[in-house]
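Here the structure is laid out as structure tokens; the discussion comes afterwards.
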Amino acid sequence: MAIKPLCDKCKKELNEFGGILLSPPDREDKVRKYHLCVKCYNEIAISLG
């Protein structure tokens, strides 16, 4: 069975490769990984300039 991650922003299933957003490390040096669909990735990228 294939893994079908959900976009952490819009909560829809990823049907194609999108992007991954990594958080800054916390005090314990742990980093969160967020999966993004292409649409949400593009929205974030545009907002960053």
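Under the condition of being in contact with a strand residue (DSSP E or B) (Cβ under 7 Å, 6 or more places away or on another chain) and open to solvent by less than 100 Å² (accessible area, probe 1.4 Å), the residues counted in segment 1-19 number 8.
Residue-level analysis places residue 8 among those that are in a loop (DSSP other than H, G, I, E, B) and in contact with a His (Cβ under 8 Å, 6 or more places away or on another chain). If the condition is being surrounded by 10 or more Cβ atoms within 10 Å (Cβ to Cβ) and part of a loop (DSSP other than H, G, I, E, B), then segment 33-49 contributes only 37.
Name the one entry in 47, 23 that is in contact with a strand residue (DSSP E or B) (Cβ under 8 Å, 6 or more places away or on another chain), at pLDDT 90 or above and hydroxyl-bearing (Ser, Thr, Tyr). Please lay out each step first, then the result.
On the way: 47 fails: in contact with a strand residue (DSSP E or B) (Cβ under 8 Å, 6 or more places away or on another chain).
On inspection, the qualifying residue turns out to be 23.
Please work out if residue 29 is at pLDDT 95 or above and in contact with a His (Cβ under 6 Å, 6 or more places away or on another chain). Here the answer is no, as residue 29 does not meet what is asked.
Would you pick out the residues in segment 11-20 that are assigned to a loop (DSSP other than H, G, I, E, B) and out of contact with any helix residue (DSSP H, G or I) (no Cβ under 7 Å at 6 or more places or on another chain)? Working first, answer last.
Taking segment 11-20 first, the residues assigned to a loop (DSSP other than H, G, I, E, B) are 11-12, 14-18.
Within segment 11-20, 11, 12, 14, 15, 17 qualify.
Can you find a residue in segment 21-32 that is open to solvent by 80 Å² or more (accessible area, probe 1.4 Å), assigned to a loop (DSSP other than H, G, I, E, B), on the phi < 0 side of the Ramachandran plot and touching a Phe, Trp or Tyr at 6+ places or on another chain (Cβ under 8 Å)? Within segment 21-32, none of the residues are open to solvent by 80 Å² or more (accessible area, probe 1.4 Å), assigned to a loop (DSSP other than H, G, I, E, B), on the phi < 0 side of the Ramachandran plot and touching a Phe, Trp or Tyr at 6+ places or on another chain (Cβ under 8 Å).
The values are calculated or read from the model by the stated rules, or taken from the named source; none is laboratory data. Keep in mind it's a predicted model, so treat the numbers as computed, not measured. Backbone-built Cβ (ideal geometry, glycine too); neighbour counts: all protein chains shown. The area values use the complete protein model at the heavy-atom level, side chains included, leaving out ligands, DNA and RNA. Shrake-Rupley method; radii C 1.70, N 1.55, O 1.52, S 1.80 Å.
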